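Report on the following structure.
The values are calculated or read from the model by the stated rules, or taken from the named source; none is laboratory data. A quick note: this is a predicted structure, and the numbers were derived from the prediction, not measured. Cβ placement follows ideal geometry from the backbone for every residue including glycine, while neighbour counts extend to all protein chains displayed. Quick note on the areas: whole protein, heavy atoms, side chains included, nothing else; ligands and nucleic acids left out. Shrake-Rupley method; radii C 1.70, N 1.55, O 1.52, S 1.80 Å.
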Amino acid sequence: MKSFSIRTSLLVLFITTATFSLEVAAQSCRPSGNIWGRKPPPGQCNQENDSDCCVQGKSYTTYKCSPSVSSNTKATLTLNSFQKGGDGGGPSECDNQYHSDDTPVVALSTGWYSRGGRCHNNIVISANGRSVSAMVVDECDSTMGCDEDHDYQPPCRNNIVDASKAVWKALGVPEDNWGELDITWTDA
């Protein structure tokens, strides 16, 4: 009877520890808050690449983190223009410059951007049976949005790789399918 109690106790302890560990891992990147949408002034939200504009009174989730980076990090690829006058808004955060849409460049969600720690480093993006190397030049802000600095667009989700047209072309995605794509990426 004593051995049954000890085994049972150990099993319960193991299950509790494993459950707690999984719960902590699942909670490693939780929303950090919300912002309320504001209607953009006329002509102030560039929808060049089917970008969304903030909706007055809508609640948008914000994040200060992104999922953990691995050798095969899952993400969503979105389309962005890094050129002056494009839907990306102002110049890139890393170098205060604009970049040609014919150059493979990306913006990473706030957590992956790592306060500029990945600036001018390359990442390798894989999808559609192909891979492309692209330089990190900007942050896709997951903490703020719906204001002039963010072109009156909502905050980025926490798992976004926002890429130039050159990245989409290199991945062989037909133009009529550009917009969002499930990808994996890793540091080069």
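Residue check: TRP178 meets all listed conditions (1) in contact with a helix residue (DSSP H, G or I) (Cβ under 6 Å, 6 or more places away or on another chain); (2) over 21 Å from CYS53 (Cβ atoms) but one, namely (2). Every test in (1) open to solvent by less than 70 Å² (accessible area, probe 1.4 Å); (2) modelled with pLDDT of 70 or more; (3) outside any strand (DSSP E or B) is passed by SER3 save one, and that test is (2).
Looking only at segment 49-61, residues that are surrounded by 15 or more Cβ atoms within 10 Å (Cβ to Cβ) and part of a loop (DSSP other than H, G, I, E, B) come to 5 in all. You will find that of LYS84, LYS64, the residue that is at pLDDT below 95, charged (D, E, K, R) and part of a loop (DSSP other than H, G, I, E, B) is LYS84 and no other. Each residue in segment 101-127 was checked for being touching a residue at least 40 places away in the same chain (Cβ under 8 Å) and surrounded by fewer than 17 Cβ atoms within 10 Å (Cβ to Cβ), and 6 pass. Of the candidates VAL173, VAL132, VAL167, the single residue that is assigned to a strand (DSSP E or B), open to solvent by less than 50 Å² (accessible area, probe 1.4 Å), farther than 22 Å from ARG38 by Cβ and aliphatic (A, V, I, L, M) is VAL132.
The set of residues from segment 72-81 being open to solvent by 10 Å² or more (accessible area, probe 1.4 Å) and in a loop (DSSP other than H, G, I, E, B) comprises ASN72, ASN80.
State yes or no: is TYR113 within 30 Å of ASP176 (Cβ to Cβ), at pLDDT 95 or above and assigned to a loop (DSSP other than H, G, I, E, B)? For TYR113, the condition - within 30 Å of ASP176 (Cβ to Cβ), at pLDDT 95 or above and assigned to a loop (DSSP other than H, G, I, E, B) - is not met. A residue that is more than 30 Å from PRO41 (Cβ to Cβ), part of a strand (DSSP E or B), in contact (Cβ under 8 Å) with a residue 24 or more places away in the chain and in contact with a strand residue (DSSP E or B) (Cβ under 8 Å, 6 or more places away or on another chain) cannot be found anywhere in segment 143-163.
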